[in-house]
Amino acid sequence: MLPEKSLAWGRSKSCIRELAAYGSARKSEIGEDKVFDFSLGNPSIPAPPCVTEALRELLSADPVQLHGYTPAGGLPSLRRAVAEDLNRRWGTAFTPELIYVTCGAAAGLAACMHGLLLPGEEALTFAPFFPEYTVFAEGAGGVLKAVPPTESFQPDFAAFEALLTEKTKLVLLNTPNNPSGVVLSAESLARLGELLRAAEQRYGHTVYLISDEPYRELVYDGAAVPCVPDFYDNTIVCYSFSKSLSLPGERIGYLAVSPRMADREDVYASLAGAARACGYVNAPSLMQRVVEKCLGQTADISVYKANRDLLYNGLRERGFRCVYPDGAFYLFVKSPEPDAKAFSERAKKHELLLVPSDDFGLPGYVRVAYCVSGEMIRRSMPAFEALAGEYGLLP
Ligand SMILES: Cc1ncc(COP(=O)(O)O)c(C=O)c1O
């Protein structure tokens, strides 16, 4: 007999992957340029020159040392550099001992769930949310519950309070958000901090806050992601270089435990132990050295801003209702019919691949990933127009 949950997760494909697979098949059938594939959150712009330069330089170094094991939690020099980078940005007091280098945010989040949750304890998150959160929380024996958003896609705090109980061990937030592109405001974070401190008093145990920030640098028009640890002491920041440096296949990121967390040493040890138990030790050593040389730099995100404007304006002009995204590279579009899956199927008839939002914990929308070429967005407009026409949306 095999573990039921593992079997089910292994067998069920995410609807994003399924749509992307359909897109690949369709492209070979009718031609690459005939399919408007908005399914995947795979960066569409190259890694910045500092990545290639770092690789060139590193490849001339001693290969035995270069490709050798590093300490489980990462190279001391990288951990120091990350702590200094965060402190420079945020005026915080992170030390290298609080940084754990991970194989991307996925490994960091899974380590947090395994390192913090006892069986049956609850993790709260805010809808819409990255579907893998469910797998990470349940994989660690916990339960994931989702708080609905307000109309402006900030957390609904009345609903949050109703779900925040003695069983709540951690709260998981994602800003800028996949799939809505919304950046949590300082007001929302301040309110969240207040409610968590009150819950800790009430229940007599720590409630941890995990801030999942793989899109931290992908913000537009001067928007900025507030420093989450400023609002709540018991915070763990989960970061990834997948999107900021366009390195999603290289699997590199980090966890940063707040220097203001009272039990930070134990928590760090528990995260390290969980990562060890999951086999998530020693993130790729070549990439650890590359990101150390590229801290503070990003791929050319002006391309995403141009795409956002093109897509948002194009869809609004055609009568679609969209959440205005300040960051990430997703547009969250209201489905013109209640069933977003049916809408996504109908869009397919126009060769538009839009991900229905059901798996993001908030039905009734589709996610349109705009990490694609601007040229494809332009070419897709007649298809969006035809789709809007079918629903009578055209002004
Ligand atoms: C919100 C969110 N968290 C975590 C991840 C995982 O990122 P990584 O590639 O670093 O594992 C993703 C990937 O798309 C994401 O969108």
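Every read-out reported here was derived from the displayed coordinates using simple, explicitly stated rules and does not represent laboratory data. Predicted, not measured: the structure shown is a model, and the values here were computed from it. FYI the Cβ positions are ideal-geometry reconstructions off the backbone, even for glycines, and counts take in every protein chain you see.
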Of all residues making up the stretch 198-209, the number that are within 14 Å of Phe157 (Cα to Cα) and surrounded by 14 or more Cβ atoms within 10 Å (Cβ to Cβ): 1
Under 7 Å by Cβ, and 6 or more places apart or on different chains, what pairs join a residue from the stretch 373-395 that is in contact (Cβ under 8 Å) with a residue 40 or more places away in the chain with one that is in a loop (DSSP other than H, G, I, E, B) and of a type in the set (Gly, Ala, Ser)? Ser373/Ser44; Ala388/Gly319; Leu393/Gly319; Leu394/Gly319; Pro395/Gly319
Unique residue being surrounded by fewer than 18 Cβ atoms within 10 Å (Cβ to Cβ) and touching a strand residue (DSSP E or B) at 6+ places or on another chain (Cβ under 8 Å) when the list is Leu163, Leu124: Leu163
Collect the residues in the stretch 8-40 that are surrounded by 12 or more Cβ atoms within 10 Å (Cβ to Cβ), touching a residue at least 60 places away in the same chain (Cβ under 8 Å) and more than 21 Å from the chain's Cα centre (by Cα), keeping them in residue-number order. Tyr22, Gly23, Arg26, Lys34, Val35, Phe36
Just one of Leu315, Leu331, Leu362 is crowded, with 16+ Cβ neighbours inside 10 Å and out of contact with any strand residue (DSSP E or B) (no Cβ under 6 Å at 6 or more places or on another chain); which is it? Leu362
Of the numbered conditions (1) out of contact with any Pro (no Cβ under 8 Å at 6 or more places or on another chain); (2) touching a residue at least 40 places away in the same chain (Cβ under 8 Å), Ala83 fails exactly one; give the number of that condition. (1)
Quick check on my filter: what residues within the stretch 252-266 are within 16 Å of the ligand (Cβ to nearest atom) and free of Cβ contacts under 8 Å to residues at least 12 places away in the same chain? none
The condition from (1) without any contact (Cβ under 8 Å) to a residue 60 or more places away in the chain; (2) more than 28 Å from Val290 (Cα to Cα); (3) part of a loop (DSSP other than H, G, I, E, B) that Leu189 misses is numbered (3)
Among the residues of the stretch 137-183, which ones are more than 17 Å from the chain's Cα centre (by Cα), assigned to a loop (DSSP other than H, G, I, E, B) and within 16 Å of the ligand (Cβ to nearest atom)? Ala140
